[in-house]
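**Q** Input: one structure, supplied below.
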Amino acid sequence: MALFAVAARAGATDITFATDWRAQAEHGGFYQALAKGYYAEAGLNVTIRPGGPQMDIPRLMAAGAIRIGMASNSFQPIVMRGAGVPVTVIMTSFQKDPQVLMVHGDDPAEGMADLAGRPIFVADSALNTFWPWLKARFGFEDRQIRKYTYSLVPWLANKGSVQEGYLSSEPFAAQQAGANPKVFLFSDAGYAGYAAMVMARDDWLAANEGTARAFVAATVRGWQDYIWGDPAPGNRLILKDNPEMTPELIAYGIHAMRDRDVLGAKTAVGHMDAGRWDRFYRDMRALDAVPAGVDMQDVFTNAYLPPAGDGALP
């Protein structure tokens, strides 16, 4: 596991931020802020600690081993709060969760509602998160489940099957294998979750309010520059931090985020909506996918974000 940082100004405050996977385009705003010196300008010496298959951020944050890190989806902070872990989401990178279902390009399906009854390759991790939502919203049944072992070979061989995936991952792999997938984004079908959020322990926030504000402002600036500007500086750090990454996959990821408006409006990067958090919680609580008695006002806050349109914007 690599730890990546660049030289910071003397006297800068040290902060280690843990991502949810190995360096990739979906972390581009953080790497851009590091590469362009936005963290350093904010008085921070930031180290990015990349995740991986052995990196369980919720567990490590619960143990206090990580103070500030990435929440992959809206389930994580809710479940952690329900278990009594004092964490708060202080910004989101993605307005749209990049989770998708995909079919072959010549498939007649026009939306997720057309996939009922089909075999669907689903990862085990999905069975207690978004799978109940798919069942409730589109009438999917457990008999459709086929175990996804992170190989597209079974999906490629079965033209009538459906593949779970991430907007910038499985569709790219399918194209590399010669397929032309048709992709259905969960958020376009009413899924209310956020993704790639910054989550911090409450004890760390209480002792480091200024540091948290500076980190969030610089990260917002990094994402704006990465998506609406030239991502090359951040990409160079991503490639250096993750030897398995390729320029082609990064380019595909950036295009997918731009094309599907994953970050939302440039002037509102990072901001979250209370009504949307409440709706997500009500929907998932009705499916028994999240614990009871969790107050969304404890789960997230916009208080650390720079006001839209202020000097944090490039």
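The values are calculated or read from the model by the stated rules, or taken from the named source; none is laboratory data. Because the structure is a prediction, the values reported are computed rather than measured. Don't worry about glycine lacking a Cβ; one is built from the backbone with ideal geometry, like all the others, and counts go over all protein chains shown. Please note that ligands, DNA and RNA were not included when accessible areas were found on the heavy atoms of the full protein model with its side chains. Shrake-Rupley method; radii C 1.70, N 1.55, O 1.52, S 1.80 Å.
**Q** Which of (1) in a loop (DSSP other than H, G, I, E, B); (2) modelled with pLDDT of 95 or more; (3) surrounded by fewer than 23 Cβ atoms within 10 Å (Cβ to Cβ) does ALA23 not meet, given it meets every other one?
**A** Single failed check for ALA23: (3).
**Q** Restricting to the stretch 195-210, what's the tally of residues that are in a helix (DSSP H, G or I) and open to solvent by less than 20 Å² (accessible area, probe 1.4 Å)?
**A** 1
**Q** What single numbered condition from (1) open to solvent by 10 Å² or more (accessible area, probe 1.4 Å); (2) of a type outside the set (S, T, N, Q); (3) in a helix (DSSP H, G or I); (4) more than 30 Å from TRP155 (Cβ to Cβ) fails to hold for GLY234?
**A** Against the list (1) open to solvent by 10 Å² or more (accessible area, probe 1.4 Å); (2) of a type outside the set (S, T, N, Q); (3) in a helix (DSSP H, G or I); (4) more than 30 Å from TRP155 (Cβ to Cβ), GLY234 comes up short only on (1).
**Q** Next up: Being assigned to a helix (DSSP H, G or I), on the phi < 0 side of the Ramachandran plot and either open to solvent by less than 30 Å² (accessible area, probe 1.4 Å) or at pLDDT below 95 (or both) is true for just one of PRO77, PRO53. Which residue is that?
**A** Within the list PRO77, PRO53, the selection yields PRO77.
**Q** Of all residues in the stretch 56-67, which are open to solvent by 30 Å² or more (accessible area, probe 1.4 Å) and not in a helix (DSSP H, G or I)?
**A** ASP56, ALA63, ALA65, ARG67
**Q** Residues TRP155, TRP133: which one is closer than 24 Å to LEU249 by Cβ and not in a loop (DSSP other than H, G, I, E, B)?
**A** The unique qualifying residue is TRP155.
**Q** Sort out which residues of the stretch 175-188 are within 20 Å of THR92 (Cα to Cα) and crowded, with 18+ Cβ neighbours inside 10 Å, and write them in order of number.
**A** Correct list: LEU185, PHE186, SER187.
**Q** A further question on this structure: Quick check on my filter: what residues within the stretch 98-129 are surrounded by 14 or more Cβ atoms within 10 Å (Cβ to Cβ), assigned to a helix (DSSP H, G or I) and at pLDDT 95 or above?
**A** MET112, ASP114, LEU115
**Q** Going residue by residue through the stretch 260-267, is there one that turns out to be touching a strand residue (DSSP E or B) at 6+ places or on another chain (Cβ under 9 Å) and assigned to a helix (DSSP H, G or I)?
**A** No - not one qualifying residue is present in the stretch 260-267.
**Q** Related question: Find all pairs meeting these conditions: Cβ atoms under 7 angstrom apart; at least six residues apart or on different chains; first residue within the stretch 296-311 and farther than 19 Å from THR267 by Cβ; second residue open to solvent by 40 Å² or more (accessible area, probe 1.4 Å) and modelled with pLDDT of 80 or more.
**A** Pairs that qualify, where the first residue is farther than 19 Å from THR267 by Cβ and the partner is open to solvent by 40 Å² or more (accessible area, probe 1.4 Å) and modelled with pLDDT of 80 or more, are MET296/ALA274; MET296/ASP278; ASP298/ARG81; VAL299/ARG81.
**Q** Do the conditions hold for TYR191, that is, is it touching a residue at least 24 places away in the same chain (Cβ under 8 Å), outside any helix (DSSP H, G or I), under 24 Å from the mean Cα position of the chain (by Cα) and loosely packed, with under 14 Cβ neighbours inside 10 Å?
**A** Against the criterion (touching a residue at least 24 places away in the same chain (Cβ under 8 Å), outside any helix (DSSP H, G or I), under 24 Å from the mean Cα position of the chain (by Cα) and loosely packed, with under 14 Cβ neighbours inside 10 Å), TYR191 does not qualify.
**Q** Looking at the stretch 41-50, which of the residues that are open to solvent by 40 Å² or more (accessible area, probe 1.4 Å) and in contact with a strand residue (DSSP E or B) (Cβ under 7 Å, 6 or more places away or on another chain) is nearest to ALA126 (Cα to Cα)?
**A** Selected residue: ARG49.
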